[in-house]
1. Looking at the stretch 264-298 only, could you name the residues that are surrounded by 15 or more Cβ atoms within 10 Å (Cβ to Cβ), away from the ligand (no atom under 14 Å from the Cβ) and under 17 Å from ASP218 (Cα atoms)?
2. With the requirement that a residue be closer than 18 Å to ALA291 by Cα and among the hydroxyl-bearing types (Ser, Thr, Tyr), what does the stretch 22-69 give you?
3. Do you know which residues across the stretch 196-248 are open to solvent by 60 Å² or more (accessible area, probe 1.4 Å) and aromatic (Phe, Trp, Tyr)?
4. Mind checking which residues of the stretch 95-111 are within 16 Å of the ligand (Cβ to nearest atom) and surrounded by fewer than 24 Cβ atoms within 10 Å (Cβ to Cβ)?
5. Consider the stretch 121-164. How many of its residues are among the hydrophobic types (A, V, I, L, M, F, W, C), within 16 Å of GLY96 (Cα to Cα) and crowded, with 24+ Cβ neighbours inside 10 Å?
6. Can you confirm whether MET182 is more than 16 Å from the ligand (Cβ to nearest atom) and surrounded by 13 or more Cβ atoms within 10 Å (Cβ to Cβ)?
7. Restricted to the stretch 3-48, and to residues that are over 25 Å from LEU231 (Cα atoms) and within 16 Å of the ligand (Cβ to nearest atom), which residue is farthest from the chain's Cα centre (by Cα)?
8. Just a yes or no: is a residue in the stretch 231-243 within 13 Å of the ligand (Cβ to nearest atom) and under 18 Å from GLY171 (Cβ atoms)?
Amino acid sequence: MNSVSQLFGIKFPIIQGGMIWCTGANLVSAVSNAGGLGLLGAGSMYPDQLEEEIKNCLKLTDKPFGVNLPLLYPNIEEHLNLIEKYRVPIVFTSAGSPKKYTERLKASGIKVAHVVSSSAFALKSQEAGVDAVVAEGFEAGGHNGREETTTLCLIPSVAETVSIPVIAAGGISCGKSMLAAMSLGAQGVQMGSRFVMTHESAAHENFKNAILQAKEGDTKLTLHEITPVRLLNSTFYKAVLHAYDSGASIDELKELLGRGRAKKGMSLGDLEEGELEIGQVSARIKGVISAREVIEQTIGEFHEAQKRVGNISF
Ligand code: NDP
């Protein structure tokens with residue numbers, strides 16, 4: 001059996017990224033019920049919201065699901081207590097040191113994966129005792145690594161560096177890219193943008209429609225001085241470019257970013273003032289479908305591509 005499927009007790013090694021403002025019990029349970037692994041994106045949830053979503057997941061699926069916990073989240077202790085209280089079986093940590101909470105989570109019987117953007121950090125995560133790493137390349141939406149390593153370069157390096165299962169993320173939206181990632185040494189994939197564009201995702205319709213219009217080159221990696229983030233080339237992005245052109249300091253950039261921009265854009269659908277975090281694969285996404293269709297199409301395409309590759313000769 002595939003090591004990622006075995007680790008999490010799932011049918012297909014397809015994980016839905018725990019994107020802020022886009023997840024909820026509807027999406028997470030739909031992914032898990034279809035044989036993948038759904039993750040609640042706790043980074044945009046106050047503790048009472050996370051509790052409600054966990055309770056709803058427990059009602060909507062009897063399959064494993066997890067929580068993505070960005071470690072710079074302010075009320076992390078409360079989130080951890082909820083995860084333990086409701087015996088959520090899987091946690092994906094990101095944006096912080098895996099040394100901080102892995103031991104505690106594992107002592108509670110929770111499987112832990114940590115998101116990394118370099119081989120060095122993958123090794124540190126393995127040393128911290130995580131069960132798997134998500135190696136996320138430059139193409140990914142939202143918070144991104146400072147190294148700017150593409151998925152094509154990152155996955156083989158991480159797979160050669162660690163002995164724990166590697167889950168590839170960044171630029172994966174279909175069975176062909178899943179097969180490519182697994183050929184490079186990953187044992188599973190995490191898809192974010194593709195699951196944003198599902199009926200069950202909590203993303204605002206305006207945000208989904210903006211993604212449908214996105215073409216190659218329409219996402220940009222910016223704000224490296226604060227936290228590198230990939231977002232749609234929108235009114236807010238143009239304001240950031242203007243600030244750079246005017247020689248803005250880090251404090252001025254922080255002031256421009258302000259608070260709650262991601263919520264404005266992704267949850268409230270304000271395309272002018274909001275930040276619209278999405279990956280490069282947005283240019284390849286041509287419609288909004290159900291989470292089950294995403295998984296079924298991905299697995300179907302994976303097998304078709306596998307046959308085609310078997311016939312390649314030179
Ligand atoms: P901001 O500081 O700009 O705003 C905080 C936002 O988070 C607000 O919209 C707020 O909602 C919401 N929020 C949820 N829980 C809390 C809490 N306990 N305390 C304060 N605010 C809370 O942050 P961002 O929107 O840029 O990021 C939000 C979180 O998501 C952070 O933890 C960040 O690290 C994480 N993140 C993770 C990404 C990833 O790729 N994994 C990408 C981007 C962010 P309200 O307006 O209703 O108060």
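1. Across the stretch 264-298, the qualifying residues are LEU271, GLN280, VAL281, SER282, ALA283, ARG284, ILE285.
2. THR23, SER29, SER32, THR61
3. Result: TYR244, single match.
4. Residues satisfying the conditions are ALA95, GLY96, SER97, LYS100, TYR101.
5. 6
6. Yes; evaluated as a whole, the condition is true for this residue.
7. This residue is ASP48.
8. Looking through the stretch 231-243, at least one residue is within 13 Å of the ligand (Cβ to nearest atom) and under 18 Å from GLY171 (Cβ atoms).
The values are calculated or read from the model by the stated rules, or taken from the named source; none is laboratory data. Computed from a predicted structure; not experimentally measured. For neighbour counting, all protein chains shown are included, and Cβ atoms are generated from backbone atoms with ideal geometry for every residue, glycine included. We work out accessible area using only protein heavy atoms, side chains counted, and drop any ligands, DNA or RNA first. Shrake-Rupley method; radii C 1.70, N 1.55, O 1.52, S 1.80 Å.
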